[in-house]
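**Q** What follows is a single structure, and I will ask about it in a moment.
Each value in this text was obtained by applying a stated rule to the coordinates, not by laboratory testing. Keep in mind the model is a prediction, meaning the values are calculated, not measured. Note: ideal-geometry Cβ built from the backbone for every residue, glycine included; neighbour counts use all protein chains shown.
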Amino acid sequence: MSEWKEVADQADLPVGSALSVEIGRDKIGLFNVEGTIYAIGDECTHADASLCKGLVEGTTVYCPWHGAAFDLKTGEKRSNPAPFGVPSYKVKIDAGKIFVESKR
Ligand code: FES
């Protein structure tokens, strides 16, 4: 079963920024890329670095520790040393609040 969880105010995530939030034990990174908000798992699959602290180019984020790349749209791994991708989450905005779809 899935449900929408409010995770942040839209004002807390200006264009070009990232924000780490939690739903239960899931760490989720929110990224505002030119006004579109993406949500992916915020723990790199290589050694758990926060992807929110990484460099974003277009819709790719580079892990701040060893440079693995992930697709912000899908969570797919784009380069090593990450062994696999991270989860991606649906996002919606309602009345200035950011909601993420939780599958728990
Ligand atoms: S922790 Fe992300 S590439 Fe190593």
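**Q** What are the residues in segment 23-32 that are surrounded by 11 or more Cβ atoms within 10 Å (Cβ to Cβ) and over 12 Å from Leu51 (Cα atoms), if any?
**A** Pass one, segment 23-32, residues surrounded by 11 or more Cβ atoms within 10 Å (Cβ to Cβ): 23, 26-32.
Those that are surrounded by 11 or more Cβ atoms within 10 Å (Cβ to Cβ) and over 12 Å from Leu51 (Cα atoms): Ile23, Asp26, Asn32.
**Q** How many residues does segment 1-48 hold that are more than 17 Å from Leu72 (Cα to Cα) and basic (Lys, Arg)?
**A** Residues in segment 1-48 being more than 17 Å from Leu72 (Cα to Cα) and basic (Lys, Arg): 2 in total.
**Q** Can you tell me how many residues within segment 60-104 are surrounded by 17 or more Cβ atoms within 10 Å (Cβ to Cβ) and touching a Gly at 6+ places or on another chain (Cβ under 7 Å)?
**A** Within segment 60-104, residues that are surrounded by 17 or more Cβ atoms within 10 Å (Cβ to Cβ) and touching a Gly at 6+ places or on another chain (Cβ under 7 Å) number 9.
**Q** Are there any pairs, at least 6 apart or on different chains, whose C-beta atoms fall under 7 Å, with the first in segment 49-72 and closer than 14 Å to Ala39 by Cα and the second basic (Lys, Arg) and within 12 Å of the ligand (Cβ to nearest atom), and if so, which?
**A** Sorted first by the residue in segment 49-72, then by its partner, the pairs are Thr60/Arg78; Phe70/Lys77; Phe70/Arg78; Asp71/Arg78.
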